[in-house]
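The values are calculated or read from the model by the stated rules, or taken from the named source; none is laboratory data. Note that the structure is a prediction, hence the values are computed from the model and not measured. So basically every Cβ, Gly included, is an ideal-geometry build from the backbone, and we count neighbours across all protein chains shown. All accessible areas refer to the heavy atoms of the entire protein, side chains included, with ligands and DNA or RNA removed. Shrake-Rupley method; radii C 1.70, N 1.55, O 1.52, S 1.80 Å.
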Protein chains: 2
Amino acid sequence: MLNDSALLDRVFQALADATRRDMVERLIRGPASVSELARPLAMSLPAVMQHLQVLEACGLVRSGKVGRVRTCHIEPGVLRMAEDWIATQRTSWEHRLDRLGDYLTDYPDVPDQGSTS
Amino acid sequence: MLNDSALLDRVFQALADATRRDMVERLIRGPASVSELARPLAMSLPAVMQHLQVLEACGLVRSGKVGRVRTCHIEPGVLRMAEDWIATQRTSWEHRLDRLGDYLTDYPDVPDQGSTS
């Protein structure tokens, strides 16, 4: 079982490739077979399978086989985890800007550093 | 100049490492010198510099040197770009669920696949 930090490593690593992001975008629209996933991509089926393995290893995608057809679907919870980490940073940043804004409102006449007045 | 897709590759790659995420979390709280960034990390200064280079290469972090002190600060716009990509996927996913919900509300008596009734 991966801890949250190791899982985030893998999720961001999985998203650090345009082909894998294309596959995620396709699966967000609904489940797809491996050949449907491969169709718009200019690469061999084994290469597509390798990308799929990366997406499955971090839990972004699950797949199941019925007969000869493997169907893939997205697991949005893992994507949400990555979004939450970034959103937490953005919120902290915005709070910092707010505090800076409050400070400048409370002390509008604080001279610039280096001012000689 | 990187296009958006190549930039996203680099940003997600930069975030795919717990040490670099720690550095981003620290810089979100405010600018820091390289030695301040390195202090809580159990690694050599050259290793910290390597991580910093990855963060600078994708524009997540900028740094400037005054005298012997290099000070780093975060560039939140690039982080926002990564968040936007993920948020777009989540929104598309939620719309798909909404459409599915509407369908099930409009046609509540559609039998399950495989039903023999």
Odd one out for residue A:42, checked against (1) farther than 28 Å from residue A:3 by Cα; (2) part of a helix (DSSP H, G or I); (3) open to solvent by 70 Å² or more (accessible area, probe 1.4 Å); (4) more than 14 Å from every other protein chain (Cβ to nearest Cβ): (2)
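Quick test for you: out of A:70, A:62, pick the one residue that is open to solvent by 50 Å² or more (accessible area, probe 1.4 Å) and under 19 Å from the mean Cα position of the chain (by Cα). Write out each step before concluding.
Working: A:70 fails: under 19 Å from the mean Cα position of the chain (by Cα).
From the options A:70, A:62, the qualifying one is A:62.
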Test set (1) in a strand (DSSP E or B); (2) touching a residue at least 24 places away in the same chain (Cβ under 8 Å) - residue B:62 fails condition number: (2)
Failed criterion for residue B:87 (all others in (1) over 30 Å from residue A:25 (Cβ atoms); (2) within 14 Å of chain A (Cβ to nearest Cβ); (3) among the hydrophobic types (A, V, I, L, M, F, W, C) hold): (1)
In region B:45-59, residue most open to solvent (accessible area, probe 1.4 Å) [restricted to those that are under 21 Å from residue A:92 (Cα atoms) and part of a helix (DSSP H, G or I)]: B:56
Residue under evaluation residue A:27, criteria (1) free of Cβ contacts under 8 Å to residues at least 40 places away in the same chain; (2) in contact with a His (Cβ under 8 Å, 6 or more places away or on another chain); (3) of a type in the set (A, V, I, L, M), criterion not met: (1)
Scan of region B:1-34 for residues that are open to solvent by less than 20 Å² (accessible area, probe 1.4 Å), farther than 14 Å from residue B:71 by Cα and not charged (D, E, K, R), ordered by number: B:8, B:11, B:12, B:14, B:15, B:16
Enumeration of residues in region A:73-112 that are open to solvent by 90 Å² or more (accessible area, probe 1.4 Å), among the hydroxyl-bearing types (Ser, Thr, Tyr) and part of a helix (DSSP H, G or I): A:103, A:105
